[in-house]
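The values are calculated or read from the model by the stated rules, or taken from the named source; none is laboratory data. Keep in mind the model is a prediction, meaning the values are calculated, not measured. Cβ coordinates were reconstructed from backbone atoms using ideal geometry, including for glycine residues, and neighbour counts include every protein chain displayed.
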Amino acid sequence: MSREFFDFDAPDESEIRRERAKARDLRKSRWWQQRTAPGKCHFCGRKVPFKELTMDHLLPLGRGGRSTKDNLVPCCKSCNNKKKSMLPLEWEEYIENLKSETE
């Protein structure tokens, strides 16, 4: 008996463009100003100057995420560059591996 496996289909480019446009609009909103006001990175917790905070999708657009308030967090450029398109669970595993390497 053969098994059928379903591959995850990444969103098409036009869908990603629409979601990026939504993110740009949210970045201009009062909601985003309030989210970034503390100047704290969601991932590492460091205090970062406002201008150095970026918007990160917890569930990346390329992996089916959306530009919604519950999926967007402020983070430092360093964390955003390291996280790339990792899912939250993959990011947590990455951080745990870093911690175990330094111990």
Output for Cβ contacts, cut-off 7 Å, separation at least six or different chains, first residue under 18 Å from V73 (Cα atoms) in the range 84-103, second surrounded by 11 or more Cβ atoms within 10 Å (Cβ to Cβ) and of a type in the set (F, W, Y), reads M86/Y94
TODO: For A23, indicate whether it is modelled with pLDDT of 95 or more and either surrounded by 11 or more Cβ atoms within 10 Å (Cβ to Cβ) or not in a loop (DSSP other than H, G, I, E, B) (or both).
DONE: yes
On the given criteria, is R35 surrounded by fewer than 16 Cβ atoms within 10 Å (Cβ to Cβ) and either assigned to a helix (DSSP H, G or I) or acidic (D, E) (or both)?
-> no
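Considering only the range 39-51, state which residues are more than 24 Å from E90 (Cβ to Cβ) and surrounded by 12 or more Cβ atoms within 10 Å (Cβ to Cβ). I'd like the intermediate steps shown before the answer.
Residues of the range 39-51 that are more than 24 Å from E90 (Cβ to Cβ), as a first pass: 39, 47, 49-51.
Selection gives G39 alone.
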Condition set over 9 Å from the mean Cα position of the chain (by Cα) and of a type in the set (S, T, Y), scope the range 60-103, selection surrounded by the fewest Cβ atoms within 10 Å (Cβ to Cβ): answer is T102
| task | Might you let me know whether the range 63-82 holds any residue that is among the β-branched types (V, I, T) and farther than 20 Å from R17 by Cβ? | result | yes
Among the residues of the range 70-103, the number that are under 24 Å from E13 (Cβ atoms) and basic (K, R) is 2
Scanning the range 52-80 for residues that are within 21 Å of L26 (Cβ to Cβ), polar (S, T, N, Q) and not in a loop (DSSP other than H, G, I, E, B) gives T54, N71, N80
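Being at pLDDT 95 or above and of a type outside the set (A, V, I, L, M) narrows it down to one of N97, N71, so name that one.
Working: N97 fails: at pLDDT 95 or above.
The conditions single out N71.
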